[in-house]
Amino acid sequence: MRISRNTNKNRNNKSKVFPRYMQEKLAITVLVITLALFALVMVLYNLMTHKKEDYNQIVLSQQEYDSRVIPFKRGDILDRNGTYLAASEKVYNLILDPKQIMSDPDAFLEPSVTALTECFGYDRTEIMNLIQEKKGKQYVLYAKQLTYDDKNKYDKYKTDKSKELKKAKKAIKGIWFEDEYKRVYPYNSMGSKVIGFANGDGMGGTGGIEQFYNTTLMGINGREYGYLNDDSNLERVIKPSTNGNTVVSTIDVNIQKIVEKYINEWEQQTGSKKVGVIVMDPNNAEVLAMADDKSFDLNNPRDLRPEFTAEVLRELGIKEAIADYKRKNKDAEPLTAETVPQHYSDQEIISLGTQVAWNQTWRNFTISDGFEPGSTEKIFTVSAALEEGAITGHETYECNRFLEVGGHKIKCVSRYGHGLITVEEGLMKSCNVVMMRIAQQIGKDKFYKYQQMFGFGSKTGIDLPGEADNKSNIYTVENAGPTDLATNSFGQNFNSTMIQMAAAYCSVINGGSYYEPHVVKQILNEQGAIIKKVDPVLVRETVSEPTAKFINEALFKTVNAEGGTGGAAKVAGYKVAGKTGTAEKIPRDKTNYVVSFCGYAPADNPQVLVYVVVDEPHVEDQPHSTYASQIFQKIMTDILPYLNIFPDTDTNGGAPAGDGAKLPEQEGITSETQSGTEGQEATQETGTQETTAPAPTMENGQPIPNEYLNPPEEYVNRQEGEDFNLPDSIPGDTGESTEGETESEEENTAQ
């Protein structure tokens, strides 16, 4: 059998070929792809040759570089002798870069975490978790305000470990420090009301010099920029910060310490609702010291004082909530203590109470609170009368316990009256009747002209925030009646601040120049050069030299002569002069008083003035001027030697002889009392009725003992059942001190 392959069939099978139309499509596709690839190559070539730098910078600019803020240093605050009261100390913020650490965790993570735990004692697990969670971040602020010693400890550790880690192919990475400044107050609470404090970021101040001179103390932040140059290299540009200027205050640290020492002693031994002290140079109104009893730690200004317990905070919070609701819902029914919890949570009540507590703590009593000054006012009544020629200073008046004015029986400070008494003795013995008589002779128009001239009812212009003017709490020509004129003449029924009274006193005792009180002397730049000198600002002239001498002599005798009420203010070896004050507070229930003493030395050449005010001493019998006089005496005893004011060998006589009681005609004062027609007119105008009481005697008709006629202090002896009374209100007030005058401003600072 023959078997053969079918070769013919194989030959007949023709090879399969793409149809022509398919070949054309394939050729076109290949051509298009080739052209596209060629175009792409050309584009890439163009980018590489012509746009390389532009695209490099676009890409690199999306990366984070070491561009950072360079903080300014807030200016320092110095006392008048160059002692630091406030300074800015460089501190460091610890910054972590988890992205860099996790770029090679085997090499960087363990060494870096170990460095943090060993140098700073941080929790290892916490740091590990933080780095893991934020491994894509390049900036994590982990700790603030580390000291230089903390940073130095880390730097030393890193240097010591560098060789050991390098051998193991490891390193500490992703840890760096950012500069910052921390405000530091070396004396803690000393001078807290004058200095104030800076906020945490140093961009603002609260209270005192820190707030008033904030723009002077502040600087301008700098910045360090990173950018790429034409060669794509990273360049740095540093715009340096501009530091703040230094403020040199008029405060003397040593005098401030003395003042606060005796305020604290008073509070520990006796105490009072409030006590304030101002020390000034009467010749230029520089404030040497200023303090009250509510000092606070400037390094921790929001730490509450011990008296602000949880119960007190809640009470304050409820009162503030009632006021807050009324402000926000003027047409709604006012809240009561019982309904407050329906609108405010416990947390909100405590928060409001805390803000009130801060405001009360930070508030400067010496410039922000008004009170009835009492008999310290009397020198202005006498000064006005001397200047206007209403009296010569040689007059004699009869004090028979009281005057009846406008339906009010207004009692003298002495229970039994003073009998016949001169103008000088009227100041020495603090006789209300003499002052009311003199106010009658001056007349209402001139009396209130001088009240305004001495600065009552207007701000002094002191360079501290929160000053009250009390303009709504004084009488004027337009609204004063006979009784108001009478009581104002001895410091009742109008309000004054401590700084108003101190500035007015300075103007009288220095010869008549009213200077604007101030707490800053100079502004220095960073190099210590003086860029601004704060010269005393003479506002106006108040009295003539002869009037000043008359007052100085009378006030010297008030302290040193028999019958003067300021005997407790004597300082051995020095000629001290001054005036006592006691003021009955509203309501006139013979219970609460403000006692004060404003004095200075030497009497013949005043160099330093000290004004002490004690509001409601914590004693049963309050109206003793001695409480304030004794504080004054202790402060002066320490201040005078410190200021190199030498003791006077002759302290037994009067003030310097000479022109003290001579009142020349060219000053508008004649040698005779101009009380004839003018006095009669004034009496009719004021509605004063002459008292016809006999010469002062005891209730049993016996002569008054000398200790009553010549008391060693000013003591208001009010007896239950007496029909003597003062008006029970002052303009625009209900009897409390005018703390509301600056409330809104203080509230803003506490937010």
query = Going by the conditions given, is ILE523 in contact (Cβ under 8 Å) with a residue 60 or more places away in the chain and β-branched (Val, Ile, Thr)?
reply = yes
query = How do the pairs read when you match residues in the stretch 181-200 that are more than 16 Å from VAL275 (Cα to Cα) with residues anywhere that are in a loop (DSSP other than H, G, I, E, B) and of a type in the set (Phe, Trp, Tyr), using Cβ under 8 Å and keeping only pairs 6 or more apart or on different chains?
reply = TYR181/PHE72; SER189/PHE296; ILE195/TYR185; PHE197/TYR185
note = Among the residues of the stretch 192-203, the number that are out of contact with any Asp or Glu (no Cβ under 8 Å at 6 or more places or on another chain) and modelled with pLDDT of 90 or more is 1
remark   = Within the stretch 598-616, the count of residues that are free of Cβ contacts under 8 Å to residues at least 40 places away in the same chain and surrounded by 23 or more Cβ atoms within 10 Å (Cβ to Cβ) comes to 0
task = Please state which one of ILE410, ILE391, ILE379, ILE349 is in contact with a Gly (Cβ under 9 Å, 6 or more places away or on another chain) and among the hydrophobic types (A, V, I, L, M, F, W, C).
result = ILE349
note = Here the residues within the stretch 398-444 that are of a type in the set (Val, Ile, Thr) and in contact (Cβ under 8 Å) with a residue 40 or more places away in the chain are VAL405, ILE410, VAL413, VAL423, ILE438, ILE442
inquiry  = Quick test of your reading of the structure: ALA628 fulfils all but one of (1) in a strand (DSSP E or B); (2) surrounded by 24 or more Cβ atoms within 10 Å (Cβ to Cβ); (3) under 26 Å from the mean Cα position of the chain (by Cα). Name the failing condition by number.
reply    = (1)
ask   = Taking the condition surrounded by fewer than 24 Cβ atoms within 10 Å (Cβ to Cβ), over 30 Å from GLY196 (Cα atoms) and aliphatic (A, V, I, L, M), does MET453 pass?
value = yes
Residue identified as in contact (Cβ under 8 Å) with a residue 12 or more places away in the chain, crowded, with 23+ Cβ neighbours inside 10 Å, more than 21 Å from LEU78 (Cα to Cα) and acidic (Asp, Glu) among ASP469, ASP484 = ASP484
ask   = Looking at (1) surrounded by fewer than 20 Cβ atoms within 10 Å (Cβ to Cβ); (2) out of contact with any strand residue (DSSP E or B) (no Cβ under 8 Å at 6 or more places or on another chain), can you tell me which one PRO536 breaks?
value = (2)
inquiry  = Tell me yes or no: at least one residue of the stretch 247-265 is surrounded by 15 or more Cβ atoms within 10 Å (Cβ to Cβ), at pLDDT 90 or above and on the phi > 0 side of the Ramachandran plot.
reply    = no
ask   = Any residue in the stretch 574-584 that is surrounded by fewer than 23 Cβ atoms within 10 Å (Cβ to Cβ), in contact (Cβ under 8 Å) with a residue 60 or more places away in the chain and either farther than 20 Å from SER596 by Cα or not polar (S, T, N, Q) (or both)?
value = yes
message = Where the second residue is of a type in the set (Phe, Trp, Tyr) and part of a helix (DSSP H, G or I) and the first is surrounded by fewer than 24 Cβ atoms within 10 Å (Cβ to Cβ) and at pLDDT below 95 and lies in the stretch 377-397, which pairs have Cβ atoms under 7 Å and are six or more apart or on separate chains?
response = GLY393/PHE550
ask   = Looking at the stretch 88-142, which of its residues are of a type outside the set (A, V, I, L, M) and surrounded by 18 or more Cβ atoms within 10 Å (Cβ to Cβ)?
value = SER88, TYR92, ASP97, PRO98, PHE108, PRO111, SER112, CYS119
message = Need pairs with beta-carbon distance below 6 Å; first residue aromatic (Phe, Trp, Tyr) and within the stretch 245-265, second surrounded by fewer than 22 Cβ atoms within 10 Å (Cβ to Cβ); sequence gap 6+ or separate chains.
response = TYR262/LYS634
remark   = For the stretch 234-275 the number of residues that are in a strand (DSSP E or B) and not hydroxyl-bearing (Ser, Thr, Tyr) is 11
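For every residue, the table says whether it meets (1) part of a loop (DSSP other than H, G, I, E, B); (2) buried (at least 22 other Cβ atoms within 10 Å of the Cβ); (3) of a type in the set (Val, Ile, Thr).
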{"site": "PRO465", "(1), (2), (3)": "yes, yes, no"}
{"site": "GLY491", "(1), (2), (3)": "yes, yes, no"}
{"site": "MET501", "(1), (2), (3)": "no, yes, no"}
{"site": "TYR505", "(1), (2), (3)": "no, yes, no"}
{"site": "GLN522", "(1), (2), (3)": "no, no, no"}
ask   = Are any residues in the stretch 324-378 within 30 Å of VAL434 (Cβ to Cβ) and out of contact with any Ser or Thr (no Cβ under 6 Å at 6 or more places or on another chain), and if so, which ones?
value = THR366, GLU372, GLU377, LYS378
inquiry  = Given the criteria out of contact with any Leu (no Cβ under 9 Å at 6 or more places or on another chain), without any contact (Cβ under 8 Å) to a residue 40 or more places away in the chain and not in a helix (DSSP H, G or I), does GLY457 qualify?
reply    = yes
ask   = What pairs come up if the first residue lies in the stretch 325-349 and is exposed (fewer than 15 other Cβ atoms within 10 Å of the Cβ), the second is among the hydrophobic types (A, V, I, L, M, F, W, C) and part of a helix (DSSP H, G or I), and their beta carbons are under 6 Å apart, counting only those six or more places apart or on different chains?
value = ALA337/ILE318
remark   = Heads up, the helices (runs of 4 or more DSSP H) in the stretch 338-427 (entirely inside) with at least 2 residues that are of a type in the set (Gly, Ala, Ser) are 346-362, 378-388
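The values are calculated or read from the model by the stated rules, or taken from the named source; none is laboratory data. The structure presented is a predicted model; accordingly, all values stated were derived computationally and were not measured. Virtual Cβ from ideal backbone geometry, glycine too; neighbours counted across all protein chains shown.
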